[in-house]
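Reading through the structure tokens given below for one structure.
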Amino acid sequence: MNGRLEHSIRTGNNIQAMLKSMPVYMTEYYYSIVSSTEPKTCEDYLRKIRKFLIFLNPNIHKINIANITDTDIGRYMQSIQTKMVDGQKTPTSFSYQKCVWTALNNFFQYLHNKGYLTRNPMTIVKRPNKDDEVKRYVLNIRDMNKIIASIESGAGSKYAKSRQKKWIDRDIAIFKLFLCTGIRNTALSEINLSDIDFDEKFLRFLRAEHLLHRCNVF
């Protein structure tokens, strides 16, 4: 099993499928960031930029990229401050809004540097400056045991629980890896069997800065 390779191939395929339906400047933009940006980040940027373009015109190929103004961007940034959940408007996180701003800023900077734009409209659009109020909880032993017990018993209908049985050991291993190492879900999904040393009882994992780190897990 080569988790990193599988993850990279799957993400790359998603990106190529996305680019087929987008204007050529999006492909050019992608190849300008691919060598210095994580594949998942590239995919995330492209999705956020595509949503913005669709907001301007569902037929994004008819958009004259040079005519986009700071007002257009401001209207979009206002539109993403809420989302529909079960038929009701719910505020989006400031973290999400900042990520959208960063993706658009990166994109318009490229367009300006490339010569598609005579001026960069993002220089006028301010970055969201509020932070989310995050409530953090510390799990105690009882909480951990409850989570493990819920994994072992399964969730949902009897049919759903029966389908989950074959994944119980895997799911418990995933939970314990998160618990014991603090690694991110991307790092977990990219683990190779060769990264696990059962004799020395340690795990190598890849961090966001592309550096391999080691931690004891057994």
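The values are calculated or read from the model by the stated rules, or taken from the named source; none is laboratory data. Predicted model, so just to flag it, every value in this text is computed and none were measured. Heads up, the Cβs are rebuilt from the backbone with ideal geometry, glycines too, and the neighbour counts pull from every protein chain shown. Accessible surface is based on the protein model in full, side chains and every heavy atom, while ligands, DNA and RNA are left aside. Shrake-Rupley method; radii C 1.70, N 1.55, O 1.52, S 1.80 Å.
How many residues does region 17-34 hold that are without any contact (Cβ under 8 Å) to a residue 12 or more places away in the chain and part of a helix (DSSP H, G or I)? Going through region 17-34 one residue at a time, the tally reaches 4. Per the listing Val85, Val34, the residue uniquely at pLDDT below 95, among the aliphatic types (A, V, I, L, M), surrounded by 12 or more Cβ atoms within 10 Å (Cβ to Cβ) and under 23 Å from the mean Cα position of the chain (by Cα) is Val34.
Taken over region 150-170, residues that are open to solvent by 60 Å² or more (accessible area, probe 1.4 Å) and in contact (Cβ under 8 Å) with a residue 12 or more places away in the chain amount to 1.
Could you list, in sequence order, all residues of region 139-149 that are open to solvent by 60 Å² or more (accessible area, probe 1.4 Å) and assigned to a helix (DSSP H, G or I)?
So the first thing to find is which residues in region 139-149 are open to solvent by 60 Å² or more (accessible area, probe 1.4 Å), and the list is 139-142, 145-146.
Selection gives Ile141, Arg142, Asn145, Lys146.
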